[in-house]
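What follows is a set of notes on a single structure, which appears directly below.
The values are calculated or read from the model by the stated rules, or taken from the named source; none is laboratory data. On a predicted model such as this, the values are computed, not experimentally measured, just so you know. Neighbour counts run over all protein chains shown; Cβ positions are idealised from the backbone, glycine included. For the accessible areas, the whole protein counts, side chains as well, though only heavy atoms, and no ligand, DNA or RNA atoms are used. Shrake-Rupley method; radii C 1.70, N 1.55, O 1.52, S 1.80 Å.
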Amino acid sequence: MTISSLLTQRLRAAVADLAPDAQPQVSAASDSRFGDYQTNVAMVLAKALRGNPRQLAQQIIGKLDVADLCETPEIAGAGFINLRLRPEAVAARFAELASDERLGVPRPERVKTIVVDFSSPNVAKPMHVGHIRSTILGDALARIAEFIGHRTVRDNHIGDWGKQFGMLLVGWKTILDQDALARDPIAELERVYKTINGAIQDEKAGAPGETPMGRAVSEELLKLQSGDAENLGIWREMIRLSQAQFDSVYGQLGVRFDFTHGESFYNEWLAAVIASLRERDIATASEGALCVFSDRSGKPEDDPFLIKDQDGWRDNPAMVQKSDGAANYTTTDLATLEYRMKTWSPDEIVYVTDGRQQLHFRQLFAVFRRWHPELAGSVRLAHVWFGSILGADGKPFKTRTGETIRLSDLLDEAEERALKLVSEKNPELPEEERREIARIVGLGAVKYADLLPNRQSDYVFSWDKMLSFQGNTAPYLQYSYVRIRSIFRKLDEPFATPARIELTEAAELGLAKKLFHFGDVLPQVLDDYRPNVLANYLFELANTFHSFYEACPVLKAEGATRANRLALCEVTGRVLQRGLGLLGIEAPERM
Ligand code: ARG
């Protein structure tokens with residue numbers, strides 16, 4: 001149990017008579033001048049009981065049994081109760097942490113099954129920077145859930161079905177350049193797609209209505225959908241070529257999946273989904289299509305099937321079958337959701353995509369709740385959405401010529417830029433080692449820059465900022481870890497945690513207390529899917545470590561003091577390494 005949970009337990013016991021139903025919390029203090037932990041319970045209860053908060057605080061303190069852990073509690077401001085840990089309690093707790101493989105992270109009360117739907121690029125299109133956020137965020141969330149002790153299912157819902165294959169098939173049969181395909185399959189598929197798409201647009205501009213090219217595309221698509229062997233073969237080849245390129249990016253990023261059930265995987269169930277929605281009167285015919293409308297059961301503001309315009313609220317239905325009889329993205333996602341529920345009985349399903357899909361997921365979840373109330377009750381469905389990556393000009397991040405940036409090019413550039421920096425700092429290291437460090441630093445910088453901002457805000461992509469060794473960056477955190485490792489390389493004897501730990505200096509105590517927070521931070525990250533909370537914690541920990549290291553000599557200290565300080569360094573190193581690892585970022589031994 002973390003210290004904050006332990007103190008929370010004690011606090012609840014203390015207020016049990018006063019307010020049996022209250023669930024007050026003790027949390028880490030925001031400013032250490034006021035103690036280490038605090039609670040506003042007295043202010044909250046005073047409102048309900050119409051009492052004086054400071055008096056109530058005094059009364060609660062009288063019952064609060066924390067003498068084994070804390071100095072005498074203090075009342076501050078309007079009625080905050082401030083708690084300061086006693087140095088012996090800090091040392092004892094730190095000794096426990098030092099021998100704990102989980103670094104103070106509590107086991108979950110209940111092990112959950114969490115499906116993480118992330119990355120999910122589209123076949124025959126290069127993965128672009130938009131997919132980077134999904135891949136990096138989703139991977140970090142899955143790693144954190146796994147470390148806490150949950151069971152995760154990592155599912156890559158690739159876009160391998162849909163109208164684009166009509167154009168791709170026409171292009172494949174008429175204008176494919178085999179040499180270009182062998183060199184860079186996705187680039188060639190993209191060229192083919194764009195050329196055919198462009199031709200259709202030109203034809204349409206000349207003569208509205210169906211055009212020869214448009215007709216060819218529809219015919220090829222229909223053949224694919226009805227199982228034509230040749231088209232299926234070409235389609236499979238396009239998937240194979242795309243997957244190979246996706247896999248190389250995943251390899252470079254160190255990201256893995258348990259399943260890659262693309263959209264096409266669900267084709268066999270689509271007709272049944274549509275029939276079932278119709279049968280249960282959830283979907284109704286509308287202008288030839290099949291749509292789900294609002295059931296008017298909630299507030300219009302919360303209703304994803306209503307939209308407001310100048311005349312008031314009007315329908316904004318979710319289409320589940322197009323007028324030509326085809327299923328769409330929503331139908332596929334409904335089949336996917338049903339499949340996941342039946343296959344894994346998950347407690348949570350987390351979808352990581354950009355913010356433009358918010359309406360899609362609100363509607364999807366709402367349709368599912370009406371369609372399968374018996375399944376929907378037991379699962380938390382979460383759309384974990386994120387903002388855009390912007391260029392220095394504040395517009396969506398593009399190459400100088402205005403093309404979308406390919407993820408693989410971006411990652412290669414990160415490693416190259418990092419190699420320059422590493423070579424400047426360590427010209428003496430052999431090239432192979434410099435390259436390995438540069439790989440770790442370059443990829444770490446890109447990932448960290450992506451995870452650090454609040455995920456719902458846009459952020460400006462800046463090589464200089466993310467690769468800086470100063471400030472809240474991956475290189476800074478990696479360097480902090482390296483600094484700690486270098487201390488241990490200087491030891492003559494192997495390090496062993498001392499049997500008894502004593503901490504006296506403020507900087508020693510401060511660092512130990514910062515380390516205790518790791519166990520509070522990780523569950524918080526998972527509660528609302530915010531890896532930035534972990535990133536910020538690691539930055540604060542690194543800063544706290546540097547202040548400690550300035551105030552307290554380690555190698556120059558002697559005897560027990562030296563051993564205690566080494567233990568602080570060792571645990572800090574492990575928390576930094578583990579924390580970065582949970583963000584998908586490696587920590588080099590030297591740099
Ligand atoms: N392929 C989609 C895209 O690139 C993302 C799919 C997300 N997952 C889902 N179950 N809809 O935008």
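Order 91-97, 576-582, 200-206, 397-403 from most to least packed using the mean count of other Cβ atoms within 10 Å.
Numbers: 91-97: 19.1, 576-582: 21.1, 200-206: 12.7, 397-403: 10.9.
Ranked from most to least packed, the peptides come out as 576-582, 91-97, 200-206, 397-403.
On a 30 Å Cα-Cα criterion, which of the cross-link pairs Lys112/Lys398; Lys223/Lys398; Lys395/Lys420; Lys465/Lys556 come out too long?
Values: Lys112/Lys398 40 Å; Lys223/Lys398 36 Å; Lys395/Lys420 28 Å; Lys465/Lys556 35 Å.
Table pairs above 30 Å Cα-Cα are Lys112/Lys398; Lys223/Lys398; Lys465/Lys556.
Taking a threshold of 24 Å on the Cα-Cα distance, which of the pairs Lys194/Lys447; Lys163/Lys299; Lys125/Lys163 fall above it?
On the way: Lys194/Lys447 30 Å; Lys163/Lys299 36 Å; Lys125/Lys163 14 Å.
From Lys194/Lys447; Lys163/Lys299; Lys125/Lys163, over 24 Å: Lys194/Lys447; Lys163/Lys299.
For segment 445-489, build the charge dipole from Cβ charges (+1 Lys, Arg; -1 Asp, Glu) around the Cα centre, then report which of Tyr481, Met466, Pro453 sits farthest towards its positive end.
Most positive-ward Cα: Tyr481.
Which value, in Å² and to the nearest 10, is the accessible area of Ile175 when all protein chains are kept and the probe is 1.4 Å?
For Ile175, the solvent-accessible surface is approximately 60 Å².
Which aspartates and glutamates, if any, have their Cα less than 19 Å from the Cα of Lys308, not counting same-chain residues under 8 positions apart?
Cα-Cα hits under 19 Å: Asp295.
Add +1 for every Lys or Arg and -1 for every Asp or Glu among the other residues with Cβ under 14 Å from the Cβ of Asp354, and state the total.
Numbers: positive: Arg133, Arg356, Arg455; negative: Asp117, Asp450, Asp458.
It works out to a net charge of 0.
Using the Cα centre as the reference, give the magnitude of the dipole from point charges on the C-beta atoms of segment 501-548 (Lys, Arg: +1; Asp, Glu: -1; all else neutral), rounded to the nearest 20 debye.
Details: 3 positive and 7 negative charges, 25 e Å.
With only Lys, Arg, Asp and Glu charged at Cβ, the dipole is about 120 debye.
I'd like the accessible area for Phe80: 1.4 Å probe, protein heavy atoms, all chains in place, Å² to the nearest 10.
70
In Å², what does the accessible area per residue of the chain work out to with a 1.4 Å probe?
Numbers: 27780 Å² over 591 residues.
Computed with neighbouring chains in place, this is 47 Å² per residue.
Using a 1.4 Å probe on the protein chains only, how many percent of the accessible area of segment 365-477 belongs to carbon and sulfur?
With neighbouring chains kept in place, the figure for segment 365-477 is 49 percent.
Report the net charge of residues surrounding Thr211, where surrounding means a beta-carbon distance below 13 angstrom and charges are Lys +1, Arg +1, Asp -1, Glu -1. Intermediate values should be presented prior to the final figure.
Working: positive: Lys204, Arg215; negative: Asp202, Glu203, Glu210, Glu219.
Counting the neighbours of Thr211, the net charge comes to -2.
Which order do peptides 440-452, 1-13 fall in by mean Cβ count within 10 Å, highest first?
Details: 440-452: 25.0, 1-13: 18.0.
The peptides rank, most packed first, as 440-452, 1-13.
Do the sum for the chain: with -39,500 (n - 2.57) for every DSSP H run of n ≥ 4, divided by all residues, what is the mean residue ellipticity at 222 nm, to the nearest 500 deg cm²/dmol?
Values: 22 runs with 316 residues, N = 591.
Computed ellipticity for the chain at 222 nm equals -17500 deg cm²/dmol.
How large are Rg and Dmax for the chain when calculated on the C-alpha trace, in angstrom?
28.5, 89
Projected onto the charge dipole of segment 204-351 (+1 at Lys/Arg Cβ, -1 at Asp/Glu Cβ, origin at the Cα centre), which of Pro317, Thr332, Asn231 gives the Cα projection farthest towards the positive end?
Most positive-ward Cα: Asn231.
Determine, from the Cβ-Cβ distance of Lys194 and Glu540 and an R0 of 45 Å, the FRET efficiency 1/(1 + (r/R0)^6), rounded to the nearest 0.05.
Values: r = 47 Å, r/R0 = 1.05.
The computed FRET efficiency comes out at 0.45.
Give the accessible area for Trp313 in Å² (nearest 10); use a 1.4 Å probe, count only protein heavy atoms, and leave out ligands, DNA and RNA.
Trp313 has an accessible surface of roughly 110 Å² with all protein chains in place.
What's the ranking of 376-389, 546-559 by average number of surrounding C-beta atoms within 10 Å, highest first?
Sorting 376-389, 546-559 by mean packing, highest first, produces 376-389, 546-559.
What net charge do the residues around Gly519 carry, taking every other residue with its C-beta under 10 Å from that of Gly519, with Lys and Arg at +1 and Asp and Glu at -1?
Details: positive: Arg102; negative: Asp100, Asp520.
Surrounding charge for Gly519 is -1.
Place a +1 charge on the Cβ of each Lys and Arg in segment 310-382 and a -1 charge on the Cβ of each Asp and Glu, then give the dipole magnitude about the Cα centre in debye, rounded to the nearest 20.
40
Which lysines, on any chain, are close to Lys47 with Cα under 22 Å apart, when same-chain ones fewer than 8 places away are left out?
Lys63
Where the centroid of each part is defined by its Cα atoms, how far is segment 50-67 from segment 477-536 in Å?
Between the Cα centre of segment 50-67 and that of segment 477-536, the gap is 34 Å.
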